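Structure first, then comments.
The values are calculated or read from the model by the stated rules, or taken from the named source; none is laboratory data. All values derive from a computational prediction rather than experimental measurement. When we count neighbours, we look across all protein chains shown, and the Cβ atoms used for this are built from the backbone with ideal geometry, even at glycine. Remember, those area values only see protein heavy atoms, side chains included, never the ligands or the DNA or RNA. Shrake-Rupley method; radii C 1.70, N 1.55, O 1.52, S 1.80 Å.
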Amino acid sequence: MSAVASIGVFDSGVGGLTVLRALHAQLPGVPLIYVADSAHAPYGDRSDAFILDRARHITRFLRDQGARLIVVACNTATAAAIATLRAEFDLPFVGIEPGVKPALARSRNQRVGVMATPATLRSAKFRALLQTHAGGITPVLQPCPGLAAAIERGELDDPALRQLLATVCAPLRAAGCDTVVLGCTHYPLVAQHIQAELGAHVHLLDTAEPVARQAARLWTHAVPAHTQPPLLYTNGDVDVLRRMADLCGLHHAQIHSLPPSAA
Ligand code: DGL
């Protein structure tokens with residue numbers, strides 16, 4: 001086991017890099033280890049039991065690598081698994097949820113859209129979030145089946161991906177939403193295209209930064225004198241992970257295949 005305490009971060013694939021980017025900015029020098037579970041993406045089409053099983057497996061790997069705080073950089077896995085992870089592991093966890101509350105606070109016309117995976121939108125955790133924070137307003141809930149999977153392929157300008165974005169954005173545009181929550185960590189990777197579909201006047205909101213701030217609040221370990229670049233593991237395509245890491249400004253990240261025992 002590594003002696004250096006690190007923050008472990010995981011997602012169903014490359015999407016959590018949008019959270020890793022915020023963590024790296026918020027906690028420079030803190031060792032970061034990331035797992036992209038791309039061989040099992042998308043989680044949004046999976047059962048809760050499957051996602052929990054993967055989340056446990058990856059948490060064990062990260063803990064064994066020295067992780068002392070785990071960031072579940074996936075809305076879908078947070079909804080399906082974080083309560084059980086907290087009960088089973090003696091580690092602090094930070095999860096991510098669609099930013100319904102800040103979106104409603106920011107919206108001028110109280111028309112807020114939420115783009116997320118079908119699994120996130122039907123989860124009990126998301127329903128509870130709506131009940132607590134929506135205050136009688138019903139956001140426009142837009143499930144985006146296939147979108148995370150399309151982003152996973154790494155061809156962000158692919159015409160089929162652009163067509164899918166046009167389809168899922170059309171109801172949000174028709175509803176006149178002035179604020180749209182990107183409720184899946186993959187979606188900020190195509191924020192530019194979403195913005196083009198919805199119009200420049202629409203505010204896109206994701207929750208990577210509040211998650212990074214919460215991780216910074218919970219981080220109690222020393223920052224090593226000699227910092228190492230973020231370590232990224234994948235059981236999918238290392239070239240796609242490299243490209244997406246570059247897109248997130250993580251040019252110096254080291255990228256490895258996940259060891260078969262952890263894959
Ligand atoms: N990045 C994910 C999320 O935040 C998961 C997408 C998926 O695998 O379906 O929900």
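Summary of values
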item: Selected residue [within 11 Å of the ligand (Cβ to nearest atom) and in contact with a helix residue (DSSP H, G or I) (Cβ under 8 Å, 6 or more places away or on another chain)] from Pro118, Pro139; result: Pro118
item: Number of positions in region 1-25 that are at pLDDT 95 or above and open to solvent by 30 Å² or more (accessible area, probe 1.4 Å); result: 3
item: Residue pairs meeting the criteria (Cβ under 7 Å; at least 6 apart or on separate chains; first in a helix (DSSP H, G or I), in region 178-202; second aromatic (Phe, Trp, Tyr)); result: Ile194/Tyr187
item: Residue identified as more than 19 Å from the chain's Cα centre (by Cα), within 30 Å of Arg243 (Cβ to Cβ) and assigned to a helix (DSSP H, G or I) among Ala150, Ala105, Ala170; result: Ala170
item: Whichever residue in region 226-243 is open to solvent by 70 Å² or more (accessible area, probe 1.4 Å) and of a type in the set (S, T, N, Q) and, among such residues, is modelled with the highest pLDDT; result: Gln228
item: Checklist (1) over 19 Å from Ile96 (Cα atoms); (2) in a helix (DSSP H, G or I) applied to Gly135, failing item; result: (2)
item: From Ile82, Ile58, Ile51, Ile33, residue being over 24 Å from Ala119 (Cα atoms), β-branched (Val, Ile, Thr), touching a residue at least 12 places away in the same chain (Cβ under 8 Å) and open to solvent by less than 10 Å² (accessible area, probe 1.4 Å); result: Ile33
item: Subset of region 89-101 [out of contact with any strand residue (DSSP E or B) (no Cβ under 7 Å at 6 or more places or on another chain) and within 16 Å of the ligand (Cβ to nearest atom)]; result: Glu97
item: Flag if Arg122 is touching a strand residue (DSSP E or B) at 6+ places or on another chain (Cβ under 7 Å) and open to solvent by 70 Å² or more (accessible area, probe 1.4 Å); result: no
item: Residue that is farthest from Phe61 (Cα to Cα), among those in region 1-51 that are within 12 Å of the ligand (Cβ to nearest atom) and among the aromatic types (Phe, Trp, Tyr); result: Tyr43
item: Meets criteria (aliphatic (A, V, I, L, M), closer than 19 Å to Val190 by Cβ and touching a residue at least 40 places away in the same chain (Cβ under 8 Å)) for Ala25; result: no
item: Residue that is more than 16 Å from the ligand (Cβ to nearest atom) and over 25 Å from Arg153 (Cα atoms), where the choices are Leu85, Leu104, Leu62; result: Leu104
item: Failed condition for Asp246, given (1) in a loop (DSSP other than H, G, I, E, B); (2) exposed (fewer than 15 other Cβ atoms within 10 Å of the Cβ); result: (1)
item: In region 87-107, the residues that are surrounded by fewer than 17 Cβ atoms within 10 Å (Cβ to Cβ) and either among the aliphatic types (A, V, I, L, M) or under 13 Å from Cys74 (Cα atoms) (or both); result: Ala87, Leu91, Ala105
item: Any hit, region 68-77, residues being open to solvent by less than 10 Å² (accessible area, probe 1.4 Å), more than 13 Å from the ligand (Cβ to nearest atom) and within 25 Å of Glu209 (Cβ to Cβ); result: yes
item: Those residues of region 41-75 which are under 15 Å from the mean Cα position of the chain (by Cα), closer than 21 Å to Pro188 by Cα, of a type outside the set (Gly, Ala, Ser) and part of a helix (DSSP H, G or I), in sequence order; result: Tyr43, Asn75
item: Matching residues, region 186-202, being in contact with a strand residue (DSSP E or B) (Cβ under 7 Å, 6 or more places away or on another chain) and either open to solvent by less than 10 Å² (accessible area, probe 1.4 Å) or more than 20 Å from Cys74 (Cβ to Cβ) (or both); result: Tyr187, Ile194, Gln195, Leu198, Val202
